[in-house]
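Report on the following structure.
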Amino acid sequence: MNSRWLKLIRVLNSNEGPFTSSQLASILQVSSKTVRNDIKDINNLLKNYKAEIESYRGTGYKLRIDDEEMFKKFWQTYETEKPFVPTESEDRVRYIMEKLLLQPDYVKMEELADELFISRSTLQSDLKTVRHILSKYHLKLEQRPYYGLKVLGDEMQIRFCISQYIFNDHHSIVDQTENWISIIPKEELVTIKNVILSKLRKYNIIISDISLHNLITHIAIACKRIREEKVVRMVNEEIKQLENQKEFFVAKEIVKDIEARLHVSFPKNEVAYISIHLQGTKMVPPQLKSEEINAFIDEEIQSIAQEMVKKIDDKYSLHLNGDEELLMALCLHLKPAINRIKYKMNLRNPLLEEIKTKYPLSFEAAVIGSEVLEERFHVKIDE
């Protein structure tokens, strides 16, 4: 619960209301649109405590409490919280990134500086780092006089950035409720997870825990962004290519269930977006025989895998060329990996540092192999 939400509830709980969105915006020093978005998010939290901020046409907003005792416990829990104020530059940058990425409206520099208890010049220094991070996703930080700061760029890249910089370090997102409260209520998060798992079981699809984590993350972020009327844009040709694939069909089924349960309407572009994430996972039915795997993998991927193995052998003389099991595993990995590269999708690898430390030769061999992908697709492959 951020300080602005606390202040908003405190104002509405003062019995001096109702308050219009303009009055609340003036008190909080934000726009009326931000107030409306905050109230929507706060209500997602308050429904667990039998309370709601109600809107009265022509009058404004008022706090309705159905269970005084339950609300009192809720209020005591949050009002006594000491808000976390980062002091190190790295922590402040993460805080600023979160604030800018989760706020659909402009964020005033004065507001940021006051929240962080830093000078304007220190904030400007931190914002240089923020701009550098955003540039990796081809995003820009717009600064408008009298308005403030806002992240601009392709919606898909904004979502990838949210995933990377806000939820990248959490292994079990459903258990990290406090980190999700500004995105989506825990019950909705559990619903998304259960819908995905039921569809994966239905189609006998196996994906890793990390892939499941990323899929839940991206669908949850999609729900928030769609509710804020921020949707992914894709060209018709891209959608047509995706529509003929199994992942698109599975995505449609996932979306149908989520729409019914969470009352969020997903446009076709968003279904395509989810199918891209499904393509970015190893969606392989278990216990496939080698001849069935060969049919599952196209010739281009087999050719790339063979070229990678040859390049590694030429450099390190590891004699991998005759290892059919390795070649097959590499092909299965490359199929979704190439899709992630195509759409500039980042995928968290929590074992990266451990791999580099414990298996340095394997890592160096992988770097040599990745050069094949860089040459073919004219991209830079990250670690």
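The values are calculated or read from the model by the stated rules, or taken from the named source; none is laboratory data. Note that the coordinates shown come from a computational prediction; the quantities given were computed from them, not determined experimentally. In this analysis, Cβ positions are derived from the backbone assuming ideal geometry, glycine residues included, and neighbour counts consider all displayed protein chains. When the accessible area is computed, the model is the full protein with side chains, heavy atoms only, and any ligands, DNA or RNA have been set aside. Shrake-Rupley method; radii C 1.70, N 1.55, O 1.52, S 1.80 Å.
For the reader, a short list of remarks on this structure follows.
- Every residue from the stretch 189-218 that is over 20 Å from Leu45 (Cβ atoms) and surrounded by 17 or more Cβ atoms within 10 Å (Cβ to Cβ): Val195, Ile196, Lys199, Leu200, Ile205, Ile207, Ser211, His213, Asn214, Leu215, His218
- When the stretch 244-278 is filtered for residues that are touching a Ser or Thr at 6+ places or on another chain (Cβ under 8 Å) and aromatic (Phe, Trp, Tyr), only Phe248 remains.
- A single member of Leu28, Leu24, Leu63 is modelled with pLDDT under 85, more than 26 Å from the chain's Cα centre (by Cα) and buried (at least 17 other Cβ atoms within 10 Å of the Cβ), and it is Leu28.
- The set of residues in the stretch 294-319 that are part of a helix (DSSP H, G or I), open to solvent by 30 Å² or more (accessible area, probe 1.4 Å) and either in contact with a Gly (Cβ under 7 Å, 6 or more places away or on another chain) or over 19 Å from Val367 (Cα atoms) (or both) comprises Asn294, Ala295, Phe296, Glu299, Glu300, Lys311.
- Qualifying residue in the stretch 33-43 (condition: surrounded by fewer than 16 Cβ atoms within 10 Å (Cβ to Cβ) and over 27 Å from the mean Cα position of the chain (by Cα)): no
- The residue list Ile162, Ile205, Ile183, Ile166 contains one member that is touching a helix residue (DSSP H, G or I) at 6+ places or on another chain (Cβ under 7 Å) and modelled with pLDDT of 75 or more, which is Ile162.
- Between Val151, Val174, the distinction of being at pLDDT below 90, out of contact with any His (no Cβ under 7 Å at 6 or more places or on another chain) and surrounded by 14 or more Cβ atoms within 10 Å (Cβ to Cβ) belongs to Val174 only.
- Residues of the stretch 73-93 that are at pLDDT 85 or above, surrounded by fewer than 17 Cβ atoms within 10 Å (Cβ to Cβ) and over 14 Å from Phe117 (Cβ atoms): Glu90 alone.
- Residue within the stretch 118-128 that is open to solvent by less than 20 Å² (accessible area, probe 1.4 Å), touching a helix residue (DSSP H, G or I) at 6+ places or on another chain (Cβ under 6 Å) and over 22 Å from Leu6 (Cβ atoms) present: yes
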